[in-house]
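Encoded as structure tokens, the structure appears first; notes follow it.
The values are calculated or read from the model by the stated rules, or taken from the named source; none is laboratory data. Treat the numbers as computed from the prediction; the structure is a model and nothing was measured. Methodologically, a virtual Cβ is constructed for each residue, glycine included, from the backbone with ideal geometry; neighbour enumeration extends over all protein chains shown. These area figures cover heavy atoms from the full protein model, side chains too; ligands, DNA and RNA do not enter into them. Shrake-Rupley method; radii C 1.70, N 1.55, O 1.52, S 1.80 Å.
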2 protein chains.
Amino acid sequence: MRPSDLPEIRHLPLFRDMLQSNFEQLLQGAYAQNFPAGVELIRQGDPADFLHIVIEGAVELFAEWGEGACTMAIVQPIGTFILAACIKDAPYLMSARTLEKSRIIMVPAPDLRAVFRRDPEFAVSTITELAGCYRAVVRHAKGLKLRNSRERVAAYMVKHLRRAAPHMAFGLPVEKRVIASYLGMTPENLSRTLRQLEADGLRVSGTHVTVTDYDRLAAVARPDPLLDGPDP
Amino acid sequence: MRPSDLPEIRHLPLFRDMLQSNFEQLLQGAYAQNFPAGVELIRQGDPADFLHIVIEGAVELFAEWGEGACTMAIVQPIGTFILAACIKDAPYLMSARTLEKSRIIMVPAPDLRAVFRRDPEFAVSTITELAGCYRAVVRHAKGLKLRNSRERVAAYMVKHLRRAAPHMAFGLPVEKRVIASYLGMTPENLSRTLRQLEADGLRVSGTHVTVTDYDRLAAVARPDPLLDGPDP
DNA sequence: CGTCGACTTGAACACTTTCAAACAAAGTGG
DNA sequence: CCACTTTGTTTGAAAGTGTTCAAGTCGACG
């Protein structure tokens, strides 16, 4: 564990309000590791041993069933994943793999459970964090059920464009096939949909996205804070 | 509030471990109400005021976007809903309506937030409850993305059949159109799919479901604890 | 420069929705 | 208790959406 990692972690909403002594103890049992791209960090069904924190790089959370697989979320710095499985001491519902060279910190789940039982501030932070995760998945599920694929793609682009504001362009954070799977469609279908959306003010060339007509694109996506998350 | 309601609520996992004095205080600010079927209890986007507890009846959680709507979950006794919105003091992501004549208890959200800050046991219960909700939505989203509609219907039936074990029959808990929407399909499509599944050991007549060949049906559904929940 | 993987494109196919109509069941009012 | 309305369910045909398979293109990297 690098000393420089600690302040960043300490500032995460999850760890921000806990007692310093508890924070130190929690991170004492933790260890950091660097992984190349494409490494499977956890496998769905395995018992939950560690809370993972992404310091650098990017991690894909994905689910498998039979021969099929789909990406459920992308975690980028600084973010945590599989908090819920650690808390319930239950099997992971999702697998995780690095999409790029990544630096990950792993906090043992038993330490986690021990600390939030004696640090009320940490308990409250955990509650807030979990509630946020829950709401994120609900939004994702709502998007899948209420929007068709064209609308989902448009909404994805609008969301990332807002993050890049005031620019009217941004770079795709991950490969298109991962985005396609996240949006619940095949790569072929995403490719065609992107081409189709050129008529609605979207230009995608390789990894580079430019929006030439925000209003037209937003008219397709009909962004909604209850689906896409709060404005920021 | 009926005196007879209290013991049932007290035995819920969410309230089981808290101090009696805190429980009493929490429920003191609460009130119970009886609703006929079809009443909209909460509307998505409204600020979260109350944690709701279903004592009798059934409540549908649903989401709307534009002209479309879909049901996200069914809550039956004894169950709670919209805990996450109360905790985050954020707008509801889902609307709720009674499907039958229902008895609902409403606990003010500020009381909730106040109590788990001073009762560590309640905080832990809240964390566990939320983690459970989170995992339930993840499973639902996984099902939507990984299974096709025929598989989702088969899995739904297998899941409810297991609950009815050792019987090989059960009654549908809600209308078929609600089930269809929950499974992410149209009523017409559900109707056709049920008919198609007769070739795989399923018999549905009105609200009554009989499974004539469990193995065949399970071969279609391929039940998996990571999608359908733990065995019970 | 060649190879590999990701991306794109096209055509055929499978699945799902939509619209329209018929049917069934449950509740209403005479 | 029976017609009658209302609402949910089923069915069919047509249209729309998304997937699969196969082939070809592009770009990054060794």
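Computed quantities for the displayed model
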quantity	calculated
Dipole axis of chain A (+1 Lys, Arg; -1 Asp, Glu on Cβ), positive-most option in A:Met94, A:Val54, A:Ala32	A:Met94
Shortest-first nm distances, B:Arg10 label point to equivalent points in other copies (7 Å, Cα→Cβ)	4.5
Choice from A:Ile179, A:Ile127, A:Ile82 showing the highest fluctuation, given a GNM over chain A with Cα pairs closer than 10 Å	A:Ile127
Angle in degrees between helix A:149-163 and the longest Cα principal axis of chain A, rounded to the nearest 10	60 degrees
Local electrostatic count at B:Arg135 - Lys and Arg +1, Asp and Glu -1, tallied over other residues with Cβ under 13 Å	0
Per residue solvent-accessible surface (Å²) - the stretch A:148-228, probe of 1.4 Å	51 Å²
Compactness of the protein assembly as shown - radius of gyration and Dmax, Cα, Å	22.8, 66
Loop GluC sites (Glu not before Pro), the stretch B:87-138, which have at most 16 other Cβ atoms in a 10 Å radius of their Cβ (DSSP)	B:Glu100
When the convex hull of its Cα atoms is projected in every direction, mean area for chain A (nm²)	13.1 nm²
C-alpha long axis of helix B:120-146 to longest principal axis of chain B, angle in °	20 degrees
Global form of the stretch A:136-198, assessed from the alpha-carbon gyration tensor, a/c cut-off 1.5	oblate
Residue-span extension gain [B:Thr212 to B:Ala199] - 0.36 nm each, minus C-alpha spacing	3.7 nm
Within-9-Å neighbourhood charge of A:Pro77 [Cβ basis; K, R +1; D, E -1]	-1
Area buried, chain A against chain B - accessible surface, total, 1.4 angstrom probe, square angstrom	4600 Å²
Percentage relative contact order, chain A, counting C-alpha pairs under 8 Å, at least six apart	19 percent
Spacing of the two label points (7 Å from each Cα toward its C-beta) at B:Lys159 and B:Arg43, in nm	3.0 nm
Calculated label separations, B:His208, copies of the chain, 7 Å along the beta-carbon direction, nm	6.8
Lys, Arg +1 and Asp, Glu -1 on Cβ, resulting dipole of the stretch A:151-232 about Cα centre, debye, nearest 20	200 debye
Total charge dipole magnitude, the protein assembly as shown, about the Cα centre, Cβ charges on Lys, Arg, Asp, Glu only, Debye to nearest 20	840 debye
Neighbourhood net charge (13 Å Cβ-Cβ; Lys/Arg +1, Asp/Glu -1) for B:Ile55	0
Position A:Gly68, label points 7 Å along Cα→Cβ, spacing to each other copy in nm (shortest first, one decimal)	1.7
Aspartates and glutamates with Cα under 18 Å of B:Lys142, excluding same-chain neighbours fewer than 8 positions away	A:Asp46, A:Glu60, A:Glu64, A:Glu67, B:Glu151, B:Asp224, B:Asp228, B:Asp231
Shielding score for A:169-179, defined as the mean number of other chain Cβ atoms within 10 Å	0
